[in-house]
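Here the structure is laid out as structure tokens; the discussion comes afterwards.
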Amino acid sequence: MPTVLTEDAERPAGAADDSDSDRAWVTVRWTAADGRKHTGLTRVDSDSKAGSTTRV
């Protein structure tokens with residue numbers, strides 16, 4: 001399901017150089033097939049910007 005980022009992603013402070021350090025938790029929003037609006041959290045690339053889309 002496509003979702004829209006509601007905020008810019010940022011690399012977590014103090015993140016180690018491991019496989020997850022280039023990912024960040026952000027709030028996303030989407031509209032379900034029945035028209036209801038939802039928000040939630042997902043991990044995205046740390047350079048993702050508000051308004052961009054991702055799939056969850």
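Every read-out reported here was derived from the displayed coordinates using simple, explicitly stated rules and does not represent laboratory data. Since we're looking at a predicted model, the values are computed, not measured. Positions of Cβ are backbone-derived with ideal geometry, glycine not excepted, and every protein chain shown enters the neighbour counts.
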Next item on the list: For residue 38 and residue 8, compute 0.36 nm times the residue count separating them, minus their Cα-Cα distance, and round to one decimal in nm.
Entry: 9.0 nm
Item checked: Protection-proxy order for peptides 24-32, 48-56, each taking the mean of Cβ atoms within 10 Å per residue, highest first -> 24-32, 48-56
Checklist line | For residue 8, distant residues with modelled amide H under 5 Å away | finding: 50
Next item on the list: Provide the net charge surrounding residue 30, with neighbours chosen by a C-beta distance below 14 Å and charges set as Lys +1, Arg +1, Asp -1, Glu -1.
Entry: +3
